[in-house]
Amino acid sequence: MTAKGLNLLVVEDDAFQRRLVVDMLCALGASSVNEAGDGKQALEMIRGANSRPVDVALCDLNMPGMDGLEFLRHVGHDQHRLSVIILSAMDGKVLASVGRMSAMYGIRLLGVVEKPIGLEQLRALLSAYHPLDSEGPLSKATAEFTLEEVRQGIRAKQFEPFFQPKVDCRTGRLVGAEALARWRHPEHGVVAPRAFIQLLEESGNIDDLTFLMLEQAVSACRKVRDAGHQLTVSVNLSLVSLDDTALAGRITRVVLKAGLDPRWVTLEITESMAMTKAGHALENLARLRMRGFGLSIDDYGTGYSTMQQLTRIAFSELKIDQSFVKEVAANEALRIVVESSIDMARKLRVVSVAEGVETQQDWDAVKSMGCDTAQGYFIARPMDLDSFVEYCAR
């Protein structure tokens, strides 16, 4: 994706700096570039009823009136579909913190850059832009779906896994895929997980979705392996589910029924909620490892994913959260965190996986650090089963 065809918005209070960025965007082929002097003016333009939707906003942080932080908060609250590039002269550690804040607000962040930005750097950031339409209308808020609507969708088997490829950093070879839940809603199209996961977890109904995804994911894995592709599949498992001591047995039966060896299945433990019955959870996880399943600590470095978990659970894989991987090439603090995580995984004799690899720079950085595996939009976006089978064949 280039600047051509995009509707861009530059939010910068300094007229000279704003002009520089506008000129660079035009040099990259942009034909639609709007300008705002602060966050308030930018929001008015974004919210305009008759205005063309903004694809990418390039935003300064330190501005009079409504600063960049407040602007980002409003963008996240309004659930606008635009992507954001943050441009600022602030310290790199502050920028890294703002990047994580943006992710928490649900903002699609293409990059966080210290001024001045160069033309090639801007080109690389814009190349990471992808219209959200390819994954369906993600603006549908969780509150707009009731629990019963979600459960009815599960009963009707409207949910299916989309597969995001995982590749070996050393060879570039396809080694597996993560199965990500998507809802093919009859009215709203493909709906992303944020619209239903929390509802299911908080109501104690997450297992209904977990086992539907597991059945379809292992069936797909068997299909691609029968076609000659030696791949593994990763399926997300909520920590909430681990309270049930019978869980490991249920998972094993589903996998064996599909004719798949548990060694080819990795369960990614998502720690979106606190562990309530630690003993039950550890029993399930130990039993799953005994039966050959891989265990991955997902989103390492965020939420409840701590070093303590690495010492008490027999994980085989450590996934470094995308909030650390994005912009790792340009941010020294992020580089130190990622490099340390990869080194720790190596010493613990577990596989390191970098999530959120979106640019050539991200790929080069994690590869140079010795990361084992990577996934992200630079490699491939999540895709339905038919598309994934074609991807494997290519």
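The table that follows gives values for the structure above.
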item	result
Condition check for residue 214: in contact with a strand residue (DSSP E or B) (Cβ under 6 Å, 6 or more places away or on another chain) and modelled with pLDDT of 90 or more	yes
Residue in segment 356-368 that is part of a loop (DSSP other than H, G, I, E, B), hydroxyl-bearing (Ser, Thr, Tyr) and buried (at least 20 other Cβ atoms within 10 Å of the Cβ) present	yes
Some residue of segment 75-84 being among the aliphatic types (A, V, I, L, M), under 24 Å from residue 334 (Cα atoms) and in contact with a Leu (Cβ under 9 Å, 6 or more places away or on another chain)	yes
Within segment 52-77, considering residues that are without any contact (Cβ under 8 Å) to a residue 60 or more places away in the chain and among the acidic types (Asp, Glu), the one surrounded by the fewest Cβ atoms within 10 Å (Cβ to Cβ)	70
Tally, over segment 218-249, of residues that are closer than 20 Å to residue 280 by Cβ and either surrounded by 15 or more Cβ atoms within 10 Å (Cβ to Cβ) or hydroxyl-bearing (Ser, Thr, Tyr) (or both)	13
Tally of residues being surrounded by fewer than 18 Cβ atoms within 10 Å (Cβ to Cβ), among the aliphatic types (A, V, I, L, M) and within 19 Å of the chain's Cα centre (by Cα) across segment 104-123	1
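The values are calculated or read from the model by the stated rules, or taken from the named source; none is laboratory data. Small disclaimer: the values here were computed from a predicted structure and weren't measured. Note that we place each Cβ from the backbone using ideal geometry, even for glycine, and neighbour counts take in every protein chain shown.
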